[in-house]
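The values are calculated or read from the model by the stated rules, or taken from the named source; none is laboratory data. It should be emphasised that the depicted structure is a prediction, and the values quoted were computed from it without experimental measurement. Cβ sites come from the backbone with ideal geometry, for glycine too, and all protein chains shown count toward neighbours.
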Amino acid sequence: MIRLIFLMAIAVIGLAANGAELIVADGQVRVPMPGRTVTAGYFTIQNNTAETVSLTAVKSSAFERAELHQHSHQDGVMRMEQIPHIAIEANTSVTLQPGGLHLMLFDPLQPLLVGESVNLSLTFSNGQQLELSMPLTEMPRR
């Protein structure tokens, strides 16, 4: 009987360790263009829960402020606007990318160099908080 309880406990611990609720992948923060103090961050969030979860806040020790933003088309003009949250439906993913959902990061508090990393703290509606380190990448040339 004790052996059965022990094996069941190991199985439950294994499932908890392998079943991360929210996973962030492919993250990057772009180094601002020379003379600019605003940049963007991009990544994919995978929601492995049975409920919709929303990204509600972002903070970074490397920036004065961070906001959630989206691009939208209105009257033939592309606009960027702050949004209160980003919903990730159950068992799906959402990608923050150029021209769509993204982070706006304002006023770096330190020099930002390509190849280094910055820390981000993501807060979700289910109470989960993820502490991440994202690489700094070069702004693409047009």
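For (1) within 16 Å of Ser61 (Cβ to Cβ); (2) among the small types (Gly, Ala, Ser); (3) more than 12 Å from the chain's Cα centre (by Cα); (4) not in a loop (DSSP other than H, G, I, E, B), each residue gets a yes or a no:
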| position | (1), (2), (3), (4) |
| --- | --- |
| Val94 | no, no, no, yes |
| Met104 | no, no, no, yes |
| Leu122 | yes, no, no, yes |
| Asn126 | no, no, yes, no |
Margin query: So Asn48 passes all but one of these: (1) surrounded by 19 or more Cβ atoms within 10 Å (Cβ to Cβ); (2) under 14 Å from Val24 (Cα atoms). Which condition number does it fail?
Written below: (1)
Check: Looking at (1) part of a strand (DSSP E or B); (2) at pLDDT below 95; (3) closer than 21 Å to Val24 by Cβ; (4) of a type outside the set (Ser, Thr, Tyr), which is the only condition Gly99 fails?
Finding: (1)
Note to self: From the list Ala57, Ala90, exactly one residue is in contact (Cβ under 8 Å) with a residue 12 or more places away in the chain, in a strand (DSSP E or B) and either over 11 Å from the mean Cα position of the chain (by Cα) or surrounded by 11 or more Cβ atoms within 10 Å (Cβ to Cβ) (or both). Which is it?
What the structure shows: Ala57
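Somewhere in the range 12-23, is a residue within 14 Å of Leu103 (Cβ to Cβ), surrounded by 12 or more Cβ atoms within 10 Å (Cβ to Cβ), modelled with pLDDT of 95 or more and not hydroxyl-bearing (Ser, Thr, Tyr)?
Going through the range 12-23, the residues within 14 Å of Leu103 (Cβ to Cβ) turn out to be none.
There is no residue in the range 12-23 that is within 14 Å of Leu103 (Cβ to Cβ), surrounded by 12 or more Cβ atoms within 10 Å (Cβ to Cβ), modelled with pLDDT of 95 or more and not hydroxyl-bearing (Ser, Thr, Tyr).
What tally of residues in the range 93-135 results from selecting those that are without any contact (Cβ under 8 Å) to a residue 24 or more places away in the chain and among the small types (Gly, Ala, Ser)? Steps first, answer last, please.
Of all residues in the range 93-135, those without any contact (Cβ under 8 Å) to a residue 24 or more places away in the chain come to 111, 115-117, 127, 129, 131, 133.
From what is left, the residues that are among the small types (Gly, Ala, Ser) are 115, 117, 127, 133.
Final tally of qualifying residues: 4.
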Notebook entry, point to check: Here are some residues: Ala62, Ala66. Which one is under 16 Å from Glu131 (Cα atoms), aliphatic (A, V, I, L, M) and touching a Lys or Arg at 6+ places or on another chain (Cβ under 7 Å)?
Noted result: Ala66
Item checked: Pairs with Cβ under 7 Å, 6+ apart, first in the range 20-35 and over 24 Å from Thr123 (Cβ atoms), second among the acidic types (Asp, Glu) -> Val31/Glu138
